[in-house]
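Accompanying notes for the structure given below.
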Amino acid sequence: QVQLVESGGGLVQAGDSLRLSCAASGRTFRSATMGWFRQGPGKEREFVAAIGRVAGTISYADFVLGRFTIFRDNAKNMVYLQMDELKPEDTAVYYCAAAYGVFSVRPAAYEYWGQGTQVTVSS
């Protein structure tokens, strides 16, 4: 089992930055692919970014390229999502997720999920 706890969400204005954090416990963290997903009001859950267990394996959704950065600290069992130049359309609940044995952008590939943290961007 893996427990994931997100933090760092909040209410910000367009153009501001936020850093989301995800603390993992349980199964070996360094073996996991870690992903960030989001679900906006009335929308399906969508992929944001993922970082594999192998250094340099990273993927981003097109709509966050150049604005968001995913990184991990295996010594602290943490994964982060640095979000810059936030836009109102980034408003969503952001989820941290863990997958083992695969690097994927599909939500279905992730076995473990956090409870989510709300990010609201005002215009």
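The values are calculated or read from the model by the stated rules, or taken from the named source; none is laboratory data. Predicted model only: the values in this text are computed from it and were never measured. Here the Cβ is made from the backbone with ideal geometry for all residues, glycine too, and neighbour counts use every protein chain on show. These accessible areas exclude ligands, DNA and RNA; they are computed on the full protein's heavy atoms, side chains included. Shrake-Rupley method; radii C 1.70, N 1.55, O 1.52, S 1.80 Å.
Tabulated values for the structure
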quantity	calculated
Where a residue in segment 92-112 is farther than 19 Å from residue 6 by Cα and among the acidic types (Asp, Glu) and its partner, wherever it lies, is at pLDDT 95 or above and open to solvent by 10 Å² or more (accessible area, probe 1.4 Å), with Cβ under 6 Å and at least six apart	none
Lone qualifier among 86, 81 - being surrounded by 21 or more Cβ atoms within 10 Å (Cβ to Cβ), part of a loop (DSSP other than H, G, I, E, B) and not β-branched (Val, Ile, Thr)	86
Qualifying strands (runs of 3 or more DSSP E) (wholly inside segment 1-73; at least 3 residues being open to solvent by 40 Å² or more (accessible area, probe 1.4 Å))	2-7, 18-26, 68-73
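This table checks each residue for (1) under 11 Å from the mean Cα position of the chain (by Cα); (2) closer than 20 Å to residue 9 by Cα; (3) among the acidic types (Asp, Glu).
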site	(1), (2), (3)
43	no, yes, no
64	no, yes, no
68	yes, yes, no
98	yes, yes, no
107	no, no, no
